[in-house]
Amino acid sequence: MTGYNGRGAAAFMAKRDMDFAKLGLIWALMSGMLWGLNGVILDQGLRRGPFEGSALWLLAPLTAAAMHDTLAAFWCLAFNGFTGRIREIGRSLFTRPGLMICMGALFGGPLGMGGYIVGLKLAGPAYVLPITSLYPAVASALAMVFLKERIGLRSWMGLACCVAGAIIVGYSPPQAGPGGDFTLGIGMALLATIGWGTEGVFCTSGMDLLDPSVALNIRQMVSSTVYLAVLLPLLGGWFVLGDALATPSALIILLAAGLGAASYMLWYRAMNMAGVSRAMAINVTYALWGILFSALFTDTPITPSLTVGAVVITVGMILVVGNIKDMTNLRKAS
């Protein structure tokens, strides 16, 4: 009887862990959906004053990025205040895990988010979102170099797919596109990919000992501080920020920031519940969600190269971060 009870308890715990991991994958999917919608809404904000002027092609999107991360920090602060985690932010900031998050914020904020929004401004979300979904492949390559992680043949095949997909997406600009500006936008998307991939290496290490919502709040606060205290003063962007706060664009970016904060929060939770590899494999579908939302809510055409490139990137990412042989064991990754 004791042996039977032991087997029953083990089966119950295995089912509980599997349900927990499956819920994590649902969070990862929702995170991808929200990030795809975030890109489309941000693009709409960038099409309105004071961001639409061609003379502000660089300053305007960087100002929008500063607004996005600052407002997202306040969204996270409100959440942590509601859940009683405010004090953990101050206690964690200057610890080693907190400093790792700060380093990740420098790459993921000004470099990642800044390049992402400049890319949105110049090339549009349907083209930028698939390219930025390369970031887990970048993170894997950096982990191999700096963390001495081994990457097998399957993962290298996935990396090759990701590069091929990015080339397919960015090879031909749309016929009505802005020519050289489109090419620069693709370059900014690749810069964002490098920033977010590097951020992943730092933040994965830092979150070992920090609650995901606290880590995210630190990330957003550091990023917004760099924008507001360093980049905007150097670039003379305060006048754009002041003008933007008095326009409907501010409300659009506020909505996008809320979606972005929720997406990041679900993404961090998903990594904790289902494992980093599983969560990445589902989260990168935001490239496809971005195409879908662009088609539904804007006049962006769904071209064959755009669709094929997005699918190839997504397949490549699943090869990089998903252990296909062990898909039923969601809490472990090769």
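Computed from the coordinates by the stated procedures, all read-outs in this text should not be read as laboratory data. This is a predicted model, so every value here is computed, not measured. Heads up, the Cβs are rebuilt from the backbone with ideal geometry, glycines too, and the neighbour counts pull from every protein chain shown.
In table form, for the structure just shown:
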| read-out | value |
| --- | --- |
| Backbone HN-Hα couplings from phi across segment 128-143 [Karplus 6.51/-1.76/1.60, Hz, Gly and Pro as x] | 6, 4, x, 5, 5, 6, 6, 4, x, 5, 4, 4, 5, 5, 5, 5 |
| Order of GLU88, GLU199 - criterion: other Cβ atoms within 10 Å of each residue's Cβ, fewest first | GLU88, GLU199 |
| Sorted by Cβ neighbour density within 10 Å, fewest at the top, the residues ARG154, ARG87 | ARG87, ARG154 |
| Hz values of 3J(HN,Hα) by residue in segment 58-64 - Karplus curve (6.51, -1.76, 1.60), Gly and Pro given as x | 9, 5, 4, x, 5, 5, 5 |
| Net length gained if the chain between LEU234 and PHE146 were fully extended (0.36 nm per residue, minus Cα distance) | 28.5 nm |
| Karplus (6.51, -1.76, 1.60) ³J(HN,Hα), θ = phi - 60°, over segment 74-79, in Hz, Gly and Pro reported as x | 5, 4, 5, 5, 5, 5 |
| Fewest-first sequence of PHE107, PHE51, PHE146, PHE79 by Cβ atoms within 10 Å of each Cβ | PHE146, PHE79, PHE107, PHE51 |
| Cβ-derived FRET efficiency at R0 25 Å, THR303 paired with VAL163, nearest 0.05 | 0.80 |
